[in-house]
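Only one structure is covered here, and it is reproduced in the block below.
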Amino acid sequence: MSESKTTLKAGSSTIDAEVHDDLEISNLFDAEETWAPARVRMLRELTHRYVPQTSWPESLHWNWAKKAAGMSPARLGALGDIRIFGIHADSAWQGILLAKAAGYYTRLAPNGRELIYVEYLESAPWNWEQPLINQVARYRGVGTKLVGLSVLWSLQLGFQGRVGLHALPQAEDFYRRRCGMTDLGADKNQERYRGMRYFEFSVKQANQFLKGGMP
(Lines give C-alpha, C1' and ligand atoms only; values in the text may rest on other atoms or scores of the structure.)
Protein backbone atom coordinates (compact mmCIF):
# COMPACT_ATOMS: atom_id res chain seq x y z
CA MET A 1 0.00 0.00 0.00
CA SER A 2 1.60 3.26 -1.14
CA GLU A 3 0.87 6.65 0.37
CA SER A 4 1.51 10.34 -0.18
CA LYS A 5 1.00 13.48 1.84
CA THR A 6 -1.92 15.90 1.54
CA THR A 7 -4.04 18.19 3.72
CA LEU A 8 -7.69 18.44 4.67
CA LYS A 9 -9.68 21.53 5.55
CA ALA A 10 -10.57 21.73 9.24
CA GLY A 11 -12.69 24.82 9.75
CA SER A 12 -10.52 27.82 8.93
CA SER A 13 -7.29 25.79 9.11
CA THR A 14 -5.89 22.55 7.67
CA ILE A 15 -4.57 19.27 9.03
CA ASP A 16 -2.00 16.88 7.61
CA ALA A 17 -3.38 13.75 5.98
CA GLU A 18 -2.22 10.73 3.99
CA VAL A 19 -3.53 9.54 0.65
CA HIS A 20 -3.45 5.76 0.21
CA ASP A 21 -3.96 4.39 -3.29
CA ASP A 22 -4.07 0.64 -2.70
CA LEU A 23 -5.90 -0.36 0.47
CA GLU A 24 -6.29 -3.96 1.60
CA ILE A 25 -9.41 -5.72 2.83
CA SER A 26 -8.19 -5.39 6.43
CA ASN A 27 -8.26 -1.60 6.06
CA LEU A 28 -12.00 -1.73 5.37
CA PHE A 29 -12.58 -3.62 8.61
CA ASP A 30 -10.48 -0.99 10.42
CA ALA A 31 -12.54 1.81 8.95
CA GLU A 32 -15.91 0.29 9.81
CA GLU A 33 -14.75 -0.49 13.34
CA THR A 34 -14.32 3.26 13.82
CA TRP A 35 -17.23 4.46 11.70
CA ALA A 36 -19.92 2.11 13.05
CA PRO A 37 -20.17 3.78 16.50
CA ALA A 38 -20.39 7.17 14.76
CA ARG A 39 -23.24 5.86 12.59
CA VAL A 40 -25.08 4.66 15.70
CA ARG A 41 -24.64 8.01 17.44
CA MET A 42 -25.97 9.80 14.38
CA LEU A 43 -28.91 7.41 14.09
CA ARG A 44 -29.78 7.99 17.74
CA GLU A 45 -29.64 11.77 17.28
CA LEU A 46 -31.77 11.66 14.14
CA THR A 47 -34.34 9.53 15.95
CA HIS A 48 -34.41 11.71 19.06
CA ARG A 49 -34.93 14.81 16.94
CA TYR A 50 -37.73 13.13 14.94
CA VAL A 51 -35.95 13.70 11.65
CA PRO A 52 -37.93 11.84 8.94
CA GLN A 53 -36.09 8.92 7.40
CA THR A 54 -36.37 10.54 3.97
CA SER A 55 -33.91 13.17 5.26
CA TRP A 56 -31.39 10.73 6.74
CA PRO A 57 -27.96 10.36 5.07
CA GLU A 58 -28.41 7.85 2.27
CA SER A 59 -25.27 5.89 3.10
CA LEU A 60 -26.11 5.62 6.80
CA HIS A 61 -26.84 1.89 6.37
CA TRP A 62 -23.57 1.10 4.58
CA ASN A 63 -21.14 -1.29 6.19
CA TRP A 64 -17.59 -1.52 4.86
CA ALA A 65 -16.89 -4.64 6.91
CA LYS A 66 -19.66 -6.47 5.02
CA LYS A 67 -18.32 -5.18 1.73
CA ALA A 68 -14.86 -6.46 2.71
CA ALA A 69 -16.18 -9.88 3.73
CA GLY A 70 -17.70 -10.40 0.30
CA MET A 71 -14.63 -9.30 -1.65
CA SER A 72 -12.07 -11.54 -3.34
CA PRO A 73 -8.47 -10.61 -2.41
CA ALA A 74 -7.39 -11.79 -5.86
CA ARG A 75 -9.18 -8.83 -7.44
CA LEU A 76 -7.06 -6.34 -5.48
CA GLY A 77 -3.45 -5.32 -6.01
CA ALA A 78 -1.34 -4.71 -9.08
CA LEU A 79 -2.89 -7.53 -11.11
CA GLY A 80 -6.47 -7.02 -9.95
CA ASP A 81 -9.32 -5.00 -11.46
CA ILE A 82 -10.38 -3.39 -8.17
CA ARG A 83 -8.59 -0.70 -6.19
CA ILE A 84 -9.54 0.87 -2.89
CA PHE A 85 -8.37 4.39 -2.13
CA GLY A 86 -8.40 6.03 1.29
CA ILE A 87 -7.64 9.25 3.14
CA HIS A 88 -6.15 8.85 6.63
CA ALA A 89 -5.80 11.62 9.20
CA ASP A 90 -6.20 12.16 12.92
CA SER A 91 -5.57 8.43 13.55
CA ALA A 92 -8.60 7.35 11.51
CA TRP A 93 -9.78 6.71 7.97
CA GLN A 94 -11.55 9.86 6.79
CA GLY A 95 -12.89 8.50 3.51
CA ILE A 96 -12.85 5.47 1.22
CA LEU A 97 -13.45 4.95 -2.50
CA LEU A 98 -13.81 1.56 -4.21
CA ALA A 99 -13.40 1.52 -7.99
CA LYS A 100 -13.33 -1.08 -10.75
CA ALA A 101 -11.35 -1.09 -13.98
CA ALA A 102 -12.87 -3.93 -16.01
CA GLY A 103 -16.18 -4.29 -17.80
CA TYR A 104 -17.28 -0.64 -17.84
CA TYR A 105 -17.42 1.61 -20.89
CA THR A 106 -17.96 5.28 -21.61
CA ARG A 107 -21.36 6.61 -22.57
CA LEU A 108 -19.87 9.90 -23.78
CA ALA A 109 -17.04 8.96 -26.14
CA PRO A 110 -17.55 6.85 -29.28
CA ASN A 111 -16.55 3.22 -29.69
CA GLY A 112 -17.36 2.23 -26.10
CA ARG A 113 -13.95 3.02 -24.66
CA GLU A 114 -13.10 1.74 -21.17
CA LEU A 115 -13.36 3.79 -18.01
CA ILE A 116 -12.94 3.52 -14.27
CA TYR A 117 -16.24 2.86 -12.52
CA VAL A 118 -16.63 4.15 -8.96
CA GLU A 119 -18.69 1.59 -7.06
CA TYR A 120 -18.64 3.23 -3.62
CA LEU A 121 -17.44 6.53 -2.21
CA GLU A 122 -18.02 7.53 1.39
CA SER A 123 -16.58 10.02 3.84
CA ALA A 124 -16.45 9.20 7.55
CA PRO A 125 -19.77 9.98 9.31
CA TRP A 126 -18.25 12.85 11.30
CA ASN A 127 -17.42 14.55 7.99
CA TRP A 128 -21.08 14.74 6.93
CA GLU A 129 -22.75 18.13 7.04
CA GLN A 130 -26.00 17.48 8.93
CA PRO A 131 -27.77 20.74 9.85
CA LEU A 132 -30.89 18.93 11.10
CA ILE A 133 -28.85 17.59 14.03
CA ASN A 134 -26.47 20.56 14.20
CA GLN A 135 -23.50 18.58 12.93
CA VAL A 136 -20.80 20.50 11.09
CA ALA A 137 -18.38 18.50 8.96
CA ARG A 138 -15.13 17.97 10.85
CA TYR A 139 -12.90 17.72 7.77
CA ARG A 140 -13.61 18.82 4.20
CA GLY A 141 -12.09 17.92 0.86
CA VAL A 142 -12.14 14.15 1.37
CA GLY A 143 -14.55 13.31 -1.43
CA THR A 144 -12.85 15.50 -4.04
CA LYS A 145 -9.43 14.05 -3.30
CA LEU A 146 -10.77 10.51 -3.61
CA VAL A 147 -12.45 11.28 -6.93
CA GLY A 148 -9.12 12.71 -8.09
CA LEU A 149 -7.40 9.41 -7.28
CA SER A 150 -9.87 7.54 -9.49
CA VAL A 151 -9.08 9.95 -12.34
CA LEU A 152 -5.35 9.38 -11.87
CA TRP A 153 -5.87 5.61 -11.98
CA SER A 154 -7.82 6.06 -15.20
CA LEU A 155 -4.88 7.95 -16.67
CA GLN A 156 -2.43 5.27 -15.54
CA LEU A 157 -4.45 2.59 -17.33
CA GLY A 158 -4.67 4.58 -20.54
CA PHE A 159 -8.36 5.45 -20.09
CA GLN A 160 -7.52 9.17 -20.46
CA GLY A 161 -9.17 10.16 -17.19
CA ARG A 162 -12.60 8.74 -17.99
CA VAL A 163 -14.55 7.88 -14.82
CA GLY A 164 -18.21 6.96 -14.39
CA LEU A 165 -20.55 6.34 -11.46
CA HIS A 166 -24.15 6.22 -10.28
CA ALA A 167 -24.86 8.85 -7.63
CA LEU A 168 -27.06 8.68 -4.58
CA PRO A 169 -29.61 11.54 -4.85
CA GLN A 170 -28.01 13.47 -1.99
CA ALA A 171 -24.63 13.36 -3.79
CA GLU A 172 -25.82 14.47 -7.22
CA ASP A 173 -24.96 18.11 -6.69
CA PHE A 174 -21.45 17.19 -5.55
CA TYR A 175 -20.69 15.32 -8.77
CA ARG A 176 -22.46 17.82 -10.99
CA ARG A 177 -21.18 21.09 -9.54
CA ARG A 178 -18.12 20.33 -7.43
CA CYS A 179 -16.57 17.74 -9.72
CA GLY A 180 -17.94 19.04 -13.01
CA MET A 181 -19.05 15.65 -14.32
CA THR A 182 -21.66 15.22 -17.05
CA ASP A 183 -25.11 14.24 -15.76
CA LEU A 184 -26.47 11.64 -18.19
CA GLY A 185 -29.78 11.27 -16.40
CA ALA A 186 -31.54 8.50 -14.54
CA ASP A 187 -30.50 4.98 -15.47
CA LYS A 188 -33.44 3.07 -16.95
CA ASN A 189 -31.55 0.00 -18.10
CA GLN A 190 -29.68 -1.54 -15.15
CA GLU A 191 -31.98 -2.92 -12.45
CA ARG A 192 -29.48 -2.37 -9.66
CA TYR A 193 -29.16 1.33 -10.44
CA ARG A 194 -32.66 1.99 -11.72
CA GLY A 195 -33.64 5.58 -11.02
CA MET A 196 -30.12 6.65 -9.96
CA ARG A 197 -28.50 9.31 -12.11
CA TYR A 198 -25.37 8.35 -14.01
CA PHE A 199 -22.41 10.75 -14.10
CA GLU A 200 -19.27 10.60 -16.19
CA PHE A 201 -16.04 12.53 -16.73
CA SER A 202 -15.16 13.24 -20.32
CA VAL A 203 -11.44 13.44 -21.10
CA LYS A 204 -11.65 17.25 -21.09
CA GLN A 205 -13.61 17.38 -17.83
CA ALA A 206 -11.16 15.02 -16.13
CA ASN A 207 -8.24 17.23 -17.09
CA GLN A 208 -10.05 20.34 -15.92
CA PHE A 209 -10.84 18.68 -12.61
CA LEU A 210 -7.23 17.73 -11.98
CA LYS A 211 -6.01 21.20 -12.88
CA GLY A 212 -8.46 23.23 -10.87
CA GLY A 213 -11.14 21.13 -9.25
CA MET A 214 -9.18 19.33 -6.57
CA PRO A 215 -8.62 21.25 -3.29
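The values are calculated or read from the model by the stated rules, or taken from the named source; none is laboratory data. Being a predicted model, the structure only gives us computed values, none of them experimental. Cβ sites come from the backbone with ideal geometry, for glycine too, and all protein chains shown count toward neighbours.
The table for this structure:
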{"quantity": "Selection within segment 104-121 - without any contact (Cβ under 8 Å) to a residue 12 or more places away in the chain and closer than 17 Å to L155 by Cα", "calculated": "Y105, G112"}
{"quantity": "Test: residue in segment 136-146 that is among the aromatic types (F, W, Y), more than 19 Å from R107 (Cβ to Cβ) and under 13 Å from the mean Cα position of the chain (by Cα)", "calculated": "no"}
{"quantity": "So M71, is it at negative phi and surrounded by 19 or more Cβ atoms within 10 Å (Cβ to Cβ)", "calculated": "no"}
{"quantity": "Contacts under 6 angstrom Cβ, first residue in segment 64-76 being of a type in the set (K, R), partner not in a helix (DSSP H, G or I), 6 or more apart", "calculated": "R75/D81; R75/I82"}
{"quantity": "Number of the exception - T6 against (1) of a type in the set (S, T, Y); (2) at positive phi; (3) surrounded by 15 or more Cβ atoms within 10 Å (Cβ to Cβ)", "calculated": "(2)"}
{"quantity": "Condition check for K188: part of a helix (DSSP H, G or I) and modelled with pLDDT under 95", "calculated": "no"}
{"quantity": "Hey, L98 in contact with an Asp or Glu (Cβ under 6 Å, 6 or more places away or on another chain) and either of a type in the set (S, T, Y) or crowded, with 18+ Cβ neighbours inside 10 Å (or both) or not", "calculated": "yes"}
{"quantity": "Residue in segment 144-154 that is assigned to a helix (DSSP H, G or I), touching a strand residue (DSSP E or B) at 6+ places or on another chain (Cβ under 8 Å) and of a type in the set (S, T, N, Q) present", "calculated": "yes"}
{"quantity": "Answer residue from segment 171-215, given it is in contact with a helix residue (DSSP H, G or I) (Cβ under 7 Å, 6 or more places away or on another chain) and among the aromatic types (F, W, Y) and is nearest to W128 (Cα to Cα) among those", "calculated": "F174"}
{"quantity": "Residue in segment 193-204 that is surrounded by the most Cβ atoms within 10 Å (Cβ to Cβ), counting only those that are under 18 Å from the mean Cα position of the chain (by Cα) and outside any loop (DSSP other than H, G, I, E, B)", "calculated": "F201"}
{"quantity": "S13 vs. criteria hydroxyl-bearing (S, T, Y) and at pLDDT 95 or above", "calculated": "yes"}
{"quantity": "Every residue from segment 158-184 that is in a helix (DSSP H, G or I) and in contact (Cβ under 8 Å) with a residue 60 or more places away in the chain", "calculated": "P169, Q170, A171"}
